[in-house]
1. With every protein chain kept in the model, how would you rank Met167, Met225, Met180 by accessible area, 1.4 Å probe, largest at the top?
2. Loop only by DSSP, 11 or fewer other Cβ within 10 Å of the Cβ. Give me the trypsin sites (Lys or Arg not before Pro) in the range 34-80 that pass, ordered by residue number.
3. In terms of the Cα gyration tensor, with a ≥ b ≥ c the square roots of its eigenvalues, is the range 144-214 rounded because a/c is under 1.5, prolate because a/b exceeds b/c, or oblate?
4. Quickly estimate the mean residue ellipticity at 222 nm for the chain, helices only: each DSSP H run with n ≥ 4 gives -39500 (n - 2.57), and the total goes over all residues, rounded to 500.
5. Stick to the Cα atoms of the range 1-114, pair each with every other, and give me the Kirkwood hydrodynamic radius in Å at one decimal.
6. Under the Kirkwood approximation applied to all pairs of distinct alpha-carbon atoms, what is the hydrodynamic radius of the chain in Å?
7. Which of Asn229, Cys70, Gly181 sits closest to the plus end of the dipole of the chain, meaning its Cα is farthest towards the positive end, when Lys and Arg get +1 and Asp and Glu get -1 on the C-beta?
8. Where does the range 95-226 land on the Kirkwood hydrodynamic radius, alpha-carbon pairs, in angstrom?
Amino acid sequence: PHHTARLLACQAPHSGDWLNAWPISNCGLRLDDEAIRVAIGLRLGVNLCAPHVCPCSTLVDAGGTHGLSCRRSSARIIRHGLINDLVYRAFVKAKIPASKEPLGLNRVDGKRPDGSTLIPWDGKCLTWDVTVPDTFAASHLQKTSRVAGGAAEEANSRNCDKYANIMLTHDFCAIACETMGPINESGLSLLKKLGHEISKATGDPRETAFLLQRLSIIIQRGNSMAFSNSFREGEGNDS
């Protein structure tokens with residue numbers, strides 16, 4: 001199931017966009033050597049490390065994929081923040097005012113999505129929420145080994161249920177990007193439309209490709225950080 005999920009994910013649209021990105025440091029598109037090693041190792045399914053014990057006390061096999069979903073890894077928070085910032089900046093670049101973690105959208109349970117537009121998007125203001133499920137997590141393998149993006153679509157459904165009350169007054173879209181790259185259908189549709197709006201604002205028809213490449217780079221960089229966090233202090237490679 002692990003390798004079936006890997007092969008399916010590699011064939012998903014835009015899962016390998018980081019391979020097409022120009023390594024330009026000023027644009028945040030350059031991956032360091034360790035990030036490239038981890039990204040290629042995960043894509044090819046080769047061993048990345050010697051078996052060891054994660055700081056959470058879980059045994060990590062030679063594939064090193066445990067770190068991608070370890071709940072004690074700070075990389076998960078950093079990766080989430082970077083993706084949400086990317087989406088927010090994309091709206092601003094498209095000249096669509098937006099805010100991150102808006103207050104007051106749902107006074108019933110206090111739940112806040114990751115962002116919201118301040119003007120209508122297709123009739124209503126749009127709210128979005130970012131999540132990054134792990135393709136290889138034991139709880140997701142049953143789905144990801146059957147269909148590419150299975151974990152992303154499950155996360156999409158879960159988030160839609162979570163923010164059902166907000167959808168009474170706002171449009172809502174979950175942006176679920178798996179650690180191996182697949183993106184949920186509605187999230188990918190939003191990103192493509194957002195890229196089109198940026199192109200109208202800048203006049204550059206490549207904006208959609210650039211947006212998806214930046215997203216792919218962030219995911220791979222986050223994978224590398226999460227992998228490194230599975231080592232105890234002094235054992236791993238800082239990256």
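1. On the way: Met167 70, Met225 40, Met180 10 Å².
The ranking, largest first, comes out as Met167, Met225, Met180.
2. Details: sites: Arg37, Arg43, Arg71, Arg72, Arg76, Arg79; in loops: Arg71, Arg72.
Counting only loop positions with at most 11 other Cβ atoms within 10 Å, the trypsin sites (Lys or Arg not before Pro) in the range 34-80 are Arg71.
3. Details: a/c = 3.63, a/b = 1.31, b/c = 2.77.
Taking the square roots of the gyration eigenvalues as a ≥ b ≥ c, the range 144-214 is oblate.
4. Numbers: 7 runs with 98 residues, N = 239.
Helix contribution divided over all residues of the chain: -13000 deg cm²/dmol.
5. On the way: mean 1/r = 0.0576 Å⁻¹.
Averaging 1/r across every pair of different Cα atoms and inverting gives 17.4 Å.
6. Details: mean 1/r = 0.0544 Å⁻¹.
Here the Kirkwood hydrodynamic radius works out to 18.4 Å.
7. Value computed over the given set: Gly181.
8. Working: mean 1/r = 0.0636 Å⁻¹.
Here the Kirkwood hydrodynamic radius works out to 15.7 Å.
The values are calculated or read from the model by the stated rules, or taken from the named source; none is laboratory data. Remember, predicted model here, so these are calculated numbers, not experimental data. Note that each Cβ is placed from the backbone with ideal geometry, even for glycine, and that neighbours are counted across all protein chains shown. The protein model used for the area step is the full one, side chains on, heavy atoms only, and it has no ligands, DNA or RNA in it. Shrake-Rupley method; radii C 1.70, N 1.55, O 1.52, S 1.80 Å.
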